[in-house]
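The values are calculated or read from the model by the stated rules, or taken from the named source; none is laboratory data. All figures in this text were calculated on a predicted structure; none of them were measured in a lab. Methodologically, a virtual Cβ is constructed for each residue, glycine included, from the backbone with ideal geometry; neighbour enumeration extends over all protein chains shown. The area values use the complete protein model at the heavy-atom level, side chains included, leaving out ligands, DNA and RNA. Shrake-Rupley method; radii C 1.70, N 1.55, O 1.52, S 1.80 Å.
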Amino acid sequence: MARMLSVIAGLAVTLAAGPSTAGRAAEVRYDGAMLAPGLVADRTHHARHAGVVTANGGQVVSLSEGGERFLRFPPGSCPAPPCPQAVVQPAASQALTPLEGTGRFSFGAAVRLTSAPPSGAGMNVWQYGLAGPGHGQWKLQVDDGYASCRWSDGTAVVLLPARAYRLAVGRWHLVRCARLSRTLFEIRVLDRATRALIVPPVHTVAPMGRIRPHGLPTIGGKRVRPDQTDAQTDQFRGDLDDVHFRRE
């Protein structure tokens, strides 16, 4: 069993900001670069770099393809322990909370499945906060290969799936979740190469109070627990790039 949390304090590195959408600057953007083993680079001017937590030989590695870097998480699936596990943990929790808890915000990632997704386990891409009564949360997941977004103020819950399309294995997809107003929510699934919509955007209108998650945000899973399986940790297995969050 191995468990690692890499935190490098006082690191003075200035990185060029990644591209924004419609002129809006991202609060964080992880585009596959790593500053050191176990430290994922935030490509915005905020430099909110993220540590890596692992167990049972799992790891997050930075790979290159066509001159572009991306993050690879432990492949395959694991229905019985010990399971290779790895998540990325940004340290910027306050920056990942909507303004006043009610402001507009969006989050998303480029996602590529490297094998058929397991049907008996979830796969979390990007989340802050846990599910359940009293827990604020925003979340992007690709359970069984279907992208969906979840928001909760601790009482009201919006779960918005893009059920018309199952992510094709081996193909890059851009998935974006957005709260466009206090009551309007949206999910988009696009082709990464062309930026064209694969399916029409899905919207829903629902009342929602202040979204104020607690704890630590995570990328690539819900948590790391050496004695648990994918069904309990929601470990993502595949490739991620351009993992971002914006407040508007």
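If you project the alpha carbons of region 81-177 onto the principal axes, what extent comes out on each, in Å, largest first?
40, 34, 24
Between D227 and A131, what FRET efficiency follows from the Cβ-Cβ distance if R0 is 25 Å, with the result rounded to 0.05? Before the final figure, lay out the partial values.
On the way: r = 21 Å, r/R0 = 0.84.
Efficiency computed from Cβ-Cβ geometry: 0.75.
Picking from A86, A55, A162, whose Cα lies most toward the positive end of the charge dipole for the chain (charges on Cβ: Lys, Arg +1; Asp, Glu -1)?
A162
Using a simple spin-label model with points 7 Å from Cα along the Cα→Cβ vector, what separation in nm is obtained for S64 and A91?
In this crude spin-label approximation the distance works out to 2.7 nm.
Calculate the tail of P(r) for region 182-248: the fraction of all Cα-Cα distances greater than 14 Å, expressed in %. Walk me through the intermediate numbers first.
Working: 1696 of 2211 pairs.
For region 182-248, the fraction of Cα-Cα distances above 14 Å is 77 percent.
Could you please report the charge total around T114, scoring K, R as +1 and D, E as -1 over all other residues with beta-carbon less than 9 angstrom from its beta-carbon?
+2
Using a 1.4 angstrom probe on heavy atoms only, work out the carbon and sulfur share of the accessible area of the chain in %. Please report the intermediate quantities before stating the final value.
Values: 5670 of 10570 Å².
Using a 1.4 Å probe with all protein chains present, the chain comes out at 54 percent carbon and sulfur.
Out of every Cα-Cα pair in region 37-139, what percent are more than 18 Å apart? List each step's numbers first, then the result.
Values: 3123 of 5253 pairs.
Counting pairs separated by more than 18 Å, the tail of P(r) holds 59 percent.
How big is the chain in terms of Cα radius of gyration and Dmax, in angstroms?
16.7, 46
For a label point 7 angstrom out from the Cα of T155 toward its Cβ, which stretches of region 169-209 have the backbone nitrogen within less than 14 Å?
The answer is 207-209.
Using a basic spin-label model with each label point 7 Å from the Cα along Cα→Cβ, how many nm lie between Y146 and R163?
0.6
Quick one: accessible area per residue over the chain, 1.4 Å probe, rounded to a whole number of Å²?
Details: 10570 Å² over 248 residues.
Result: 43 Å² of accessible area for each residue.
If you average the C-alpha positions of region 101-115 and of region 135-202 separately, how far apart do those two centres end up, in angstrom?
Between the Cα centre of region 101-115 and that of region 135-202, the gap is 7 Å.
Using only the Cα atoms, work out Rg/Rh for region 137-248, with Rh taken as the Kirkwood radius, to two decimals. Don't jump to the answer; show the numbers that get you there.
Numbers: Rg = 14.6 Å, Rh = 15.2 Å.
Rounded to two decimals, Rg over Rh is 0.96.
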